[in-house]
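To start, the structure itself, in structure tokens.
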Amino acid sequence: MPLPGPTQSTELQLPAHQCPWNDGARVVHPWAVFVATLTARAGQWSAVATFPTFPEMKTLLRSLGVGLLLGAGVAAGAPSGAESCQEPCGARTRQLAGHTYVFPILQQSAFVTSHVGIREGLALYDIPDVPVNDLQPLDVTLTGVQQTLDLSLSITDWLGIAGFGRATIITGTNADGLLSSGATVNLLGQVGGVVRLFRSEHSGTQVSVRANFGYDKGREITLLPLINAIVETPQVTVEQIINGSLGQFLFVPSEETTANGGVYAAQTLGRMFSLQGSALAEYAWQKRRPFDRILGDRLEQKTHAVRFFFSLAAALDLYPTTSVPVAVMGEYLFRTGRQEELGRSDRTLKNSSLGLGVYYSGRANLQLGLGAVVMLNGEPQRGYGDEGSQQSSGDPTLSYGQLILRYVW
């Protein structure tokens with residue numbers, strides 16, 4: 001902020017400094033006022049061998065307070081080099097050729113940023129034709145709550161680290177849902193790095209690579225194995241179910257470790273339009289530990305999966321030309337690969353997801369919006385058919401909405 005006028009003191013002459021405070025032809029740093037004042041006063045006190053008076057001490061303390069307040073402002077908004085920023089300079093890390101990019105929902109971005117974000121979501125999971133022993137197959141509806149925290153730190157303008165943690169709870173909304181699919185609790189964490197390979201302001205292009213390691217730990221709560229065990233164990237009591245081994249059927253621990261890597265690209269198409277795309281390969285080590293009634297202990301079932309993800313996102317930002325701070329992004333994700341199945345042939349993965357987000361775009365260092373996603377042709381759920389034989393449900397559909405908030409610095 002500009003000073004009210006040239007410094008009126010005849011006791012000191014302030015040197016010019018490069019900073020956001022401008023005093024006519026000179027640029028003055030607020031700390032220079034305090035330092036120069038203290039130096040001048042110290043010379044006077046030493047010359048007469050006296051201690052400062054109380055009014056002089058008040059003046060110095062007042063100068064120190066002003067220096068602290070204004071100096072904090074300089075530190076918070078210090079420009080890069082001689083160039084000052086109209087907003088936090090870190091926001092420029094997701095700007096390219098005059099366009100501010102929105103972080104997608106279904107993929108990571110090609111940008112090396114420092115940001116923190118939270119996402120709160122509600123999910124609806126529809127599973128058709130779930131096999132339930134000798135009963136007619138059921139159409140099951142599950143609901144879920146999801147909370148995600150993500151953090152990214154740029155080490156240099158071309159190298160950064162990023163990670164996120166996610167907690168998800170999915171449960172049946174009625175007795176049919178609880179009976180056939182129970183509930184699922186999952187904790188997922190992922191950490192990795194990003195390296196920028198190419199950036200051109202002229203063409204509006206940026207290309208980066210990312211590599212990540214993830215760990216997913218869950219606990220399935222399922223009733224069908226318990227019901228089968230009760231049917232096969234006559235005269236069982238409730239106390240025996242709770243205190244005995246039959247209660248082990250309620251919970252199935254599971255975990256998955258993943259390693260993935262991919263290429264990410266961003267392309268500006270004018271100040272209002274942009275495209276983002278990625279291709280990612282992932283390998284997964286899976287472990288599941290269901291309870292075996294005959295052995296009286298849990299079995300360890302190990303499987304593997306290979307997955308490939310192809311994503312595309314297109315964004316329209318109205319703010320640069322209309323001053324309406326709204327951005328809209330449409331997204332598409334295709335997943336394929338192979339999933340190992342115990343006792344059965346490997347299954348081919350093939351599903352698609354569609355996403356749509358509406359965001360506030362008035363500030364380049366803030367992303368605030370609402371997003372919705374629909375996943376089609378999800379992985380079928382396991383169930384039990386006649387005489388306890390394992391069967392699979394129809395293709396599930398997963399729909400969820402998110403409140404998204406990120407701050408970039």
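Derivation of every value follows stated rules applied to the coordinates shown; laboratory data play no part. The shown structure was predicted, so the numbers you read here are calculated from the model rather than taken from an experiment. Because the Cβ atoms are built from the backbone with ideal geometry, glycine has one as well, and the counts that use them run over all protein chains shown.
In square nanometres, what is one fourth of the surface area of the convex hull spanned by the alpha carbons of segment 274-315?
Values: hull surface 17.0 nm².
Across all orientations, segment 274-315 yields a mean hull projection of 4.2 nm².
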Candidates per trypsin sites (Lys or Arg not before Pro) in segment 312-369, loop by DSSP, up to 11 other Cβ within 10 Å:
Arg344
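What FRET efficiency do you get for Thr141 and Val116 if R0 is 30 Å and r is their Cβ-Cβ distance, rounded to the nearest 0.05?
Details: r = 34 Å, r/R0 = 1.14.
So the FRET efficiency works out to roughly 0.30.
In µm²/s, what is D for segment 90-162 at 37 °C and 0.692 mPa s, where D = kT/(6 pi eta Rh) by Stokes-Einstein and Rh is the Kirkwood radius from Cα pairs? Write out the running numbers ahead of the final one.
Values: Rh = 15.8 Å.
Value of D from the Cα-based Kirkwood radius: 207 µm²/s.
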How far apart, in nanometres, would the label points at Phe334 and Arg271 be if each is projected 7 angstrom from Cα along the Cα-to-Cβ direction?
3.5 nm
